[in-house]
Amino acid sequence: MARIKLVLSDMDGTLLPFGAHEVSPRTIASVGALHEAGIAFGPSSGRERSDLIRYFHGDERCVATGIMGNGKLVYLDGELVYRRPLPRDQVEALAQAVSQLPGAMLNFYLPLDERGHGKPGFGCIGVTEEEKSAFPSEGFDNGIFMRLPDGDITTCAVILNPDIVSVDEARAAVSDACPRLEFPLPSPIVFDVLERGWTKVSALPILLDHLGITTDEIAYLGDSQNDLTMMGAIPHSFCMGNGSDEAKAAAQWVVDTCEDDGAAKVMESLARNGGTIVEENWWG
């Protein structure tokens, strides 16, 4: 078995329990242990780098490398090496569809600069200030917009008030309006926004080429529908015990839950064994 040289991890439900505002201290320590063992670490997340860093206690080592924005942003050692904005006309159509859908809100990161840096937090479209208070809220708030700001929108998501609209109803409405986009579910009340045919795994060869490694030298950690393509492409994949049935079936191993630091236990084992996967007790 090849030695693992890179660990890529999903965020929500994998490293970050739903509703939490930071990953656990054990997770931060396990990332540090990977680095000390000569193993790189990076998020494979729908979130952007400017947002991710706050969940890692401000530790920039944890977000220097990775596939972010669901494959639309690739970073290596803190440098942006690839960017793929969403088609502007489709995001405009999505904003209009969400504005007409009660119980739905479009959240988006503000446009990035040329180096891939951006202001932390989200702007949103489709709600009033009063309506917005009924939605789950996290992180920084860049306010309510009447229209999309100028510049490329790379990452956005639709957030739902489940008391007003169901996931199925909302996805059907936006899918009709935006045929070139697709909407995987990272959580029960959020769906991501992807260009059809482009996922996290589409960006994987870009990162591998820059690192000079193969998929056999990666360990992947995930939990949900938007991890399936990565689990299918990366042989050494781990699903958290809280993961979806689909993700558990796709992964090579199922380990402890996100809440019980399942990902940290895998990373500690990899660091302890010099990148070799040793089937240990990843539960309890």
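Residues of region 173-200 being touching a Lys or Arg at 6+ places or on another chain (Cβ under 8 Å) and of a type in the set (Lys, Arg), which ones? Across region 173-200, the qualifying residues are 180, 196. Considering region 119-133, and only residues there that are in contact with a Leu (Cβ under 7 Å, 6 or more places away or on another chain) and either among the aliphatic types (A, V, I, L, M) or buried (at least 19 other Cβ atoms within 10 Å of the Cβ) (or both), the residue that is nearest to residue 51 (Cα to Cα) turns out to be 123. For region 10-38, name all the residues that are buried (at least 19 other Cβ atoms within 10 Å of the Cβ), touching a helix residue (DSSP H, G or I) at 6+ places or on another chain (Cβ under 6 Å) and outside any helix (DSSP H, G or I). Scanning region 10-38 gives 10, 14, 15, 16, 23. If I ask for residues that are buried (at least 17 other Cβ atoms within 10 Å of the Cβ) and either of a type in the set (D, E, K, R) or at pLDDT below 85 (or both), which ones from region 168-186 would you list? If the condition is that a residue be buried (at least 17 other Cβ atoms within 10 Å of the Cβ) and either of a type in the set (D, E, K, R) or at pLDDT below 85 (or both), then 171, 182, 184, 186 are the ones that fit. Among the residues of region 160-186, just one is hydrophobic (A, V, I, L, M, F, W, C), out of contact with any Asp or Glu (no Cβ under 7 Å at 6 or more places or on another chain) and in a strand (DSSP E or B), namely 160. The sole residue among 160, 194, 207 that is in contact with a helix residue (DSSP H, G or I) (Cβ under 6 Å, 6 or more places away or on another chain) and closer than 28 Å to residue 41 by Cβ is 194. Just one of the numbered conditions (1) in contact with a Leu (Cβ under 8 Å, 6 or more places away or on another chain); (2) closer than 30 Å to residue 134 by Cα is not true of residue 215: (2).
With respect to the conditions (1) farther than 26 Å from residue 84 by Cβ; (2) in contact (Cβ under 8 Å) with a residue 12 or more places away in the chain, residue 166 lacks only one, and its number is (2). Consider residue 108 carefully, then state whether it is surrounded by 15 or more Cβ atoms within 10 Å (Cβ to Cβ), closer than 13 Å to residue 158 by Cβ and outside the structural domain of residue 208 (by TED's automatic domain parsing). Judged against the criteria, residue 108 is a match. Restricting to region 4-21, what's the tally of residues that are modelled with pLDDT of 95 or more and over 24 Å from residue 194 (Cβ atoms)? Residues that pass the stated criteria total 2. Can you find, within region 238-275, the residue that is farthest from residue 198 (Cα to Cα) among those that are of a type in the set (S, T, N, Q) and over 16 Å from the mean Cα position of the chain (by Cα)? Here the residue is 273.
The values are calculated or read from the model by the stated rules, or taken from the named source; none is laboratory data. Note that the structure is predicted; figures quoted are calculated from it, not measured. So basically every Cβ, Gly included, is an ideal-geometry build from the backbone, and we count neighbours across all protein chains shown.
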